[in-house]
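Scroll down for the structure; my scribbles are underneath it.
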Amino acid sequence: MENQRDFILSAIQDAQSTIRAIDIKMGFLFVVIFYPVLSLQKVMESVQKLVKGNDIYLITSILILLLWILSFYTLFKSITSISNPNNTIKGNAPDSKYHNGGLYDFCFLDNFFNYPIKTNVDFYEHVHNYPKDEPSLNAQLIFEQMKLSYIRDIKIKRSSLCLKLTFSWIVFGLISWVFLFLEVGFK
């Protein structure tokens with residue numbers, strides 16, 4: 001059925017596009033989250049003035065720091081790759097042929113050097129293992145779509161939390177800065 005395959009391929013493309021869009025948005029958020037690090041001296045001067053002004057500002061400063069650390073952590077969780085989305089699918093799923101995961105075994109040193117790495121299977125064995133009929137091919141595509149849906153959904157969840165955390169520390173930071181500027185609550 002050609003309509004079924006078109007539908008599955010469309011779902012795969014949609015999930016891939018959404019994942020790319022999330023990664024681009026997280027790149028922008030990366031700049032926002034790291035901005036305080038670039039202005040660390042000014043931030044520390046403001047925090048020191050705030051803490052001297054009133055004890056509530058110490059608690060607020062600690063809260064802002066915790067929110068910043070959590071947003072930093074969720075940022076990296078949002079952009080790091082998912083190690084094996086195959087493990088998230090219930091039932092007897094086919095061996096994934098779409099992206100050929102597990103075709104190579106890598107060691108830690110392969111992150112730095114290009115050792116002569118060989119595939120885990122012979123070329124003709126690999127060709128022989130590809131789906132040969134319509135139902136098998138559709139099963140492979142549906143399996144891929146399920147894996148991409150997991151990646152998309154977890155990225156949406158993590159990036160949404162990162163955005164909320166970032167918004168929170170920015171709002172608390174701006175309020176603290178206004179209070180510092182107006183010298184509200186200083187002794």
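Direction-averaged projected area, Cα convex hull, the range 25-125: 11.7 nm², rounded to one decimal.
Two numbers describe the Cα atoms of the range 105-181: Rg and Dmax, which are 23.8, 72 Å. Highest mean packing comes first when the peptides 137-147, 118-128 are listed by Cβ atoms within 10 Å, giving 137-147, 118-128. Using the Karplus relation 6.51 cos²θ - 1.76 cosθ + 1.60 with θ = phi - 60°, the per-residue 3J(HN,Hα) values for the range 157-173 come to 4, 5, 5, 5, 5, 4, 5, 5, 5, 4, 4, 5, 6, 5, 5, 4, x Hz, with x marking Gly and Pro. Principal-axis analysis of the Cα atoms of the chain puts helix 2-38 at an angle of about 30° to the longest axis.
Computed from backbone phi with θ = phi - 60° and the Karplus coefficients 6.51, -1.76 and 1.60, the 3J(HN,Hα) list for the range 106-120 is 10, 10, 4, 5, 5, 5, 10, 10, 9, 6, x, 9, 10, 5, 7 Hz; x is used for glycine and proline. Measuring between alpha carbons in the structure, the pairs from 42/164; 42/155; 90/164 lying more than 27 angstrom apart are 42/155; 90/164. Highest average first, the peptides 170-176, 3-9, 89-95, 148-154 ordered by how many other beta carbon atoms sit within 10 Å of their residues are 148-154, 170-176, 3-9, 89-95. The alpha carbon gyration tensor of the range 97-144 gives principal lengths a ≥ b ≥ c with a/c of 1.5 or higher and a/b no greater than b/c, which makes the shape oblate. Backbone geometry of the range 87-93 corresponds, through the Karplus equation with coefficients 6.51, -1.76 and 1.60 at θ = phi - 60°, to 3J(HN,Hα) couplings of 5, 8, 9, 6, x, 8, 8 Hz, x marking Gly and Pro.
Histogrammed with a bin width of 5 Å, the alpha carbon distances of the chain distribute as 1, 7, 12, 12, 11, 12, 10, 8, 7, 6, 5, 4, 3, 2, 1, 0 percent, first bin at zero. For residue 32 and residue 17, the difference between the fully extended length at 0.36 nm per residue and the C-alpha to C-alpha distance is 3.1 nm. Think of each Lys and Arg Cβ as +1 and each Asp and Glu Cβ as -1; about the Cα centre, that makes the dipole of the chain roughly 860 debye.
Read the figures in this text as sums done on the coordinates, not as results from a lab. All values derive from a computational prediction rather than experimental measurement. Because the Cβ atoms are built from the backbone with ideal geometry, glycine has one as well, and the counts that use them run over all protein chains shown.
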